[in-house]
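Worksheet: one structure, shown below.
The values are calculated or read from the model by the stated rules, or taken from the named source; none is laboratory data. If you're wondering where the values come from, they're calculated on a predicted model, not measured in any experiment. Quick reminder, even Gly has a Cβ in these numbers, built from the backbone with ideal geometry, and neighbours come from all protein chains shown. Ligands, DNA and RNA are stripped out before the accessible areas are found, and what is left, the full protein with its side chains, is counted by its heavy atoms. Shrake-Rupley method; radii C 1.70, N 1.55, O 1.52, S 1.80 Å.
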Amino acid sequence: MDWMKWLFSTWTMIRLSGLTGHFFLTLSVLAGLLGSFPALRKQKARLHNIHLYSGWAGLLAIVLHATLIVVDTYAPLRLLEILIPGTASYEPLWNAFGTISLYLFGFVLVTSDFLKEALGKTLWKLTHWLVLPAWLLMTLHGIFIGTDTGTLFTTIWYACSTLTLFTLILYRMQIRPKTAAPKKQASSFVK
């Protein structure tokens, strides 16, 4: 039963919760982007549900990830080191990226689910785009501090998720509605 001990060790659960959080938050961002594609209009409701629920699942996994780091005995960080970016005793920059990413994702989820009406459509859309820097910071945190970085699985995962996300962003930028030039007033005189 050594594999059970390994599977449920704090160290393994920290790694699994971090990778699970990255997976669900990536899925949420991808579903959100896909939901804006005209060709997928019939799937918009399904993509919205995936976007919403995977976002919350990812955030919960990352909160578990941070909580387990506090209770870990091998490389524990104090709660304040996790909550205040840049104060971690171990890899302060990369840990700060993880903390800032958590705050940005949390902010976007809370404003989208509870404050969307109060913010108005324009401000909500602007705040919603914060998921892109949040995703980038989360990915950099995982690549540069993750103990599984360099394994075949995580290398493939980070490469595929990054390539897919940037491809969808570029495609989304190509299909977004172009701002039309103001229509000229019809001339009132007749020749």
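Scanning region 165-191 for residues that are of a type in the set (Val, Ile, Thr) and modelled with pLDDT of 70 or more gives Thr167, Ile169, Ile175.
Looking only at region 21-52, residues that are modelled with pLDDT under 95 and hydroxyl-bearing (Ser, Thr, Tyr) come to 1 in all.
Ala66: within 27 Å of Asp113 (Cα to Cα), over 16 Å from the mean Cα position of the chain (by Cα) and either among the small types (Gly, Ala, Ser) or open to solvent by 20 Å² or more (accessible area, probe 1.4 Å) (or both), yes or no? No. Residues in region 40-61 that are open to solvent by 70 Å² or more (accessible area, probe 1.4 Å), of a type in the set (A, V, I, L, M, F, W, C) and more than 26 Å from Thr10 (Cβ to Cβ): Ala45 only.
Over 19 Å from the mean Cα position of the chain (by Cα) and touching a residue at least 40 places away in the same chain (Cβ under 8 Å) - does that describe any residue in region 11-19? Yes, region 11-19 contains a residue that is over 19 Å from the mean Cα position of the chain (by Cα) and touching a residue at least 40 places away in the same chain (Cβ under 8 Å). Among residues of region 116-142 that are among the aromatic types (Phe, Trp, Tyr), those with a beta-carbon under 6 Å from a residue that is open to solvent by 30 Å² or more (accessible area, probe 1.4 Å) at least six positions away or on a different chain give the pairs Trp124/Lys116.
For region 157-164, the count of residues that are at pLDDT 85 or above, under 15 Å from Val29 (Cα atoms) and either acidic (Asp, Glu) or open to solvent by 100 Å² or more (accessible area, probe 1.4 Å) (or both) is at least one. Looking only at region 152-169, decide whether some residue is among the small types (Gly, Ala, Ser), assigned to a helix (DSSP H, G or I) and touching a helix residue (DSSP H, G or I) at 6+ places or on another chain (Cβ under 6 Å). Yes, region 152-169 contains a residue that is among the small types (Gly, Ala, Ser), assigned to a helix (DSSP H, G or I) and touching a helix residue (DSSP H, G or I) at 6+ places or on another chain (Cβ under 6 Å).
On inspection, Leu79 fails the criterion of being closer than 22 Å to Trp11 by Cβ, under 15 Å from the mean Cα position of the chain (by Cα) and open to solvent by 90 Å² or more (accessible area, probe 1.4 Å). Within region 82-100, if we keep just the residues that are open to solvent by 50 Å² or more (accessible area, probe 1.4 Å) and of a type in the set (A, V, I, L, M, F, W, C), the residue that is nearest to Gly21 (Cα to Cα) turns out to be Ile100.
For region 110-124, state whether one or more residues are under 22 Å from Leu19 (Cβ atoms), open to solvent by 20 Å² or more (accessible area, probe 1.4 Å) and at pLDDT 90 or above. Among the residues of region 110-124, not one is under 22 Å from Leu19 (Cβ atoms), open to solvent by 20 Å² or more (accessible area, probe 1.4 Å) and at pLDDT 90 or above, which makes the answer no. Just one of (1) over 27 Å from Ser54 (Cβ atoms); (2) open to solvent by 40 Å² or more (accessible area, probe 1.4 Å) fails for Tyr103. It is (1).
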